[in-house]
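Report on one structure; see the data block that follows.
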Amino acid sequence: PEDPRQRAWNALAQVNLTDEVALRAKTVQTVPAFFRGRWRFAYTWALEELVKRTQASNAAEEVNCWKLVLLLPRLLLRRTEVTGQAGKQEYTQRYHRFLRGEGDALLNEARAQSDALNRQRGAPASEEKKRARACHLVEQGELSRARQVLTGTALAPGNAETLAVLRN
């Protein structure tokens, strides 16, 4: 059977980087303190692979390395739905999955999150969806986020009508 890390490496060849970076990605701005060592290890490894494969003059593998370097934040630093211990566990699980060569699955999850972000962007949540989301957050121990879901207001649409109201 094929080594899972090699399978993940080979999967990078199928990734269209232009399409990937065109998708919205919600990553953290600062690497969480508990995750910095793991992030540093993964990113250093990706950069070392890039140097090694560049020196070997293998253009295809060099391109794959650049893809990995550029996509690594989407794989490992995507925001989680939960915070606290559950959020830490999610980051840790992603890291271990990355080490096992599950980069293709992690990228698919990032794409799904991007699709969800794009769907949420234009449609305001119904009251029922807000309640369901708040209940889920309460079950996760995320009381502040649950309150925000219930009491927060959506952003006004960026259109001419909103602009006219703001100018008055």
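The values are calculated or read from the model by the stated rules, or taken from the named source; none is laboratory data. Owing to the predicted nature of the structure, the values given are computational and were not obtained by experimental measurement. Here Cβ is always computed from backbone atoms with ideal geometry, including for glycine, and neighbour counts include all displayed protein chains. The accessibility values were calculated without ligands, DNA or RNA, using every heavy atom of the protein model including side chains. Shrake-Rupley method; radii C 1.70, N 1.55, O 1.52, S 1.80 Å.
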**OP:** Summarise the accessible area of the stretch 1-79 (1.4 Å probe, protein heavy atoms) by the percent that is carbon and sulfur.
**Re:** 54 percent
Original post:
Per residue, what accessible area does the stretch 12-62 have, given a 1.4 Å probe and all protein chains present, in Å²?
Top reply: 68 Å²
Subject >> Relative contact order (%) - criterion: Cα under 8 Å, at least six apart; region: the chain >> reply: 26 percent
Subject >> Relative contact order (%) - criterion: Cα under 8 Å, at least six apart; region: the stretch 1-91 >> reply: 36 percent
Original post:
Nearest 20 debye, what's the magnitude of the dipole of the stretch 18-168 about its Cα centre given +1 on Lys and Arg Cβ and -1 on Asp and Glu Cβ?
Top reply: 440 debye
Subject >> Option label - P(r) over Cα pairs in 10 Å bins from 0, in percent computed here, alternatives (i) 10, 38, 34, 15, 3, 0; (ii) 9, 29, 30, 19, 10, 3, 0; (iii) 9, 34, 39, 17, 1 >> reply: (ii)
Original post:
Within the chain, which is the longest segment containing none of the GluC sites (Glu not before Pro) that sit in a DSSP loop and have at most 16 other Cβ atoms within 10 Å?
Top reply: 82-168
Original post:
With each run of n ≥ 4 DSSP H residues scored as -39500 (n - 2.57), what mean residue ellipticity at 222 nm is computed for the chain after dividing by its residue count and rounding to the nearest 500 deg cm²/dmol?
Top reply: -22500 deg cm²/dmol
**OP:** Quick one: which residues, 5+ away or cross-chain, put their amide H under 5 Å from the amide H of T27? H built at 1.01 Å from N.
**Re:** R79
**OP:** Give the angle, between 0 and 90 degrees and rounded to the nearest 10, that separates the Cα long axis of helix 127-139 from the longest principal axis of the Cα atoms of the chain.
**Re:** 60 degrees
